Amino acid sequence: MGNERSGSSLLTVLRREPVRPAPVWLMRQAGRYLPEYQAVRAKAGSFWTMCMSPDLAVEVTLQPIRRFDLDAAILFSDILVVPHALGQAVRFEDGRGPVLGVFAGNDRLVLDETVWETKLAPVYEAMARTREGLARDKALIGFAGAPWTLAAYMFEGESSSDQRAAKLAGYRDPKGFAELLNILADAVAWHLVKQLQAGADVVQIFDRWAGGLTDQCFRDWVVAPNKRVVEGVRKVFPKAPIIGFPRAATQQGYAAYAAETGVDGVSIDTALSMLWAATALGGKLAIQGNLDPIALIAGGKALDAAVDRILADTAGVPFIFNLGHGVLPETPPDHVAKVVARVRSGA
């Protein structure tokens, strides 16, 4: 773990110290919008091959750093490596995305950590090699999917608009579903610890499907499992900087998540007011976000205004500039370069 890397502005912010210009990195900063990524993707033949081939994962991770001089690299991987380690089949289909095998029940999951380590060894090798190739003032971010989001994929078998299969499982068998979330929380914490051991400075927990839940379900399926993940990481790395992203949560949900999970920072969704986040949360922990990825595609005056508004709303609080979700494939790379330049000129 390299979180003593004092030259990193991102780590300074995660210690709850405001920095201007704000550090900037982007979710999915390594992706299909970059021609150099497309070249590696064509060579690899599949997304999963890229994730599980250290040479390719390292190259793709470093591409946006070389092009844009961002303040942090995030390892090129996928949240579904955890279900893969647990024994559920995972594949990626062009035009469809992830497809998982049928979930066979909690008792069929592989809970042997030596098996997990063997299956995910390429991920940790890629992390270590990325750290070697990254300048010392650049932070390296590891990540994992949150338990609820992973459960949603595991029950549905693919992306879902309403996570119906997982919700039904939670309602019909609350005890069994709680057991699964605990298994996933422990596996996610283990995976994040391994990334920190391999060289990550920071880890982020992605709860992609945190929106659209009742208040009680949000507390039981999002807040409590994320808290368990954070506690699991902190047993090994007490000072590990952790960012949480409960995407599409309500203001009430974000407030509960920030207050109860123990994270050092929260990533703010596009739909949430950054001024509210700065006012309500910025005095307690770092906030990150929340540029609309479609504004990044649009460019021009609309993009400039959106960047300026976010910088104004977050003045005086510990803040990391990012998107409200990931960079989209249609994004012109020069728009990303302009955003980075504008953030850095807004000190």
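The values are calculated or read from the model by the stated rules, or taken from the named source; none is laboratory data. As the structure is a prediction and not an experimental result, all values here were calculated from the model. Cβ: placed from backbone, ideal geometry, glycine included. Neighbour counts: every protein chain shown. In case anyone asks, the SASA skips ligands and DNA or RNA and just uses the protein heavy atoms, side chains included. Shrake-Rupley method; radii C 1.70, N 1.55, O 1.52, S 1.80 Å.
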*In the chain, which helices (entire DSSP H runs) extend 30 Å or more along their own long axis, judged by Cα positions, while averaging at least 0.0 on the Kyte-Doolittle scale?*
174-198
*Mind listing the phi-derived Karplus ³J(HN,Hα) values for the stretch 278-290, rounded to whole Hz, using 6.51, -1.76 and 1.60 with θ = phi - 60°, and x for any glycine or proline?*
5, 6, 7, 10, x, x, 10, 7, 6, 10, 9, x, 10
_Check: the stretch 116-198 dipole with +1 on Lys, Arg Cβ and -1 on Asp, Glu Cβ, in debye_ = 140 debye
*Taking a ≥ b ≥ c as the square roots of the eigenvalues of the Cα gyration tensor of the stretch 1-119, is the shape rounded (a/c under 1.5), prolate (a/b larger than b/c) or oblate?*
oblate
*In this model, which of 175/284; 239/338; 43/301; 138/338; 138/194 are farther than 27 Å apart at the alpha-carbon?*
175/284; 239/338; 43/301
*Tell me which label goes with the value of Cα extents along the principal axes in Å computed from the coordinates here: (i) 54, 45, 38; (ii) 51, 50, 43; (iii) 49, 44, 39.*
(i)
*asked:* Counting heavy atoms of the protein chains only and a 1.4 Å probe, report the per residue accessible area for the stretch 244-304 as a whole number of Å².
replied: 36 Å²
*Roughly how many debye, to the nearest 20, is the charge dipole of the stretch 131-278 about its Cα centre, given +1 on each Lys and Arg Cβ, -1 on each Asp and Glu Cβ, and no other charges?*
260 debye
*Treat every Asp and Glu Cβ in the stretch 161-212 as -1 and every Lys and Arg Cβ as +1, leave all other atoms uncharged, and give the resulting dipole magnitude about the Cα centre to the nearest 20 debye.*
180 debye
*Using amide H atoms built 1.01 Å from N in the peptide plane, name the residues 5+ places from residue 323, or on other chains, whose amide H lies under 5 Å from its own.*
27, 291
*Any chance you could run the full-extension gain for residue 328 through residue 239? It's 0.36 nm times the residue separation minus the Cα-Cα distance, nm to one decimal.*
28.7 nm
*Assuming a ≥ b ≥ c are the square roots of the Cα gyration tensor eigenvalues, decide whether the stretch 241-291 counts as rounded (a/c under 1.5), prolate (otherwise, with a/b larger than b/c) or oblate.*
rounded
_Computed label-point distance, nm, for sites residue 217 and residue 135 using a 7 Å Cα→Cβ extension_ = 4.6 nm
*Using a Förster distance of 25 angstrom, determine the FRET efficiency expected from the C-beta separation of residue 315 and residue 159, and round it to 0.05.*
0.10
*residue 114 to residue 91: extension gain in nm, 0.36 nm per residue of separation minus the Cα-Cα distance?*
6.1 nm
_How much accessible area per residue does the stretch 113-190 have, counting only protein heavy atoms and a probe of 1.4 Å, in square angstrom?_
42 Å²
*Carbon-plus-sulfur fraction of the accessible area of the chain, 1.4 Å probe, in percent?*
52 percent
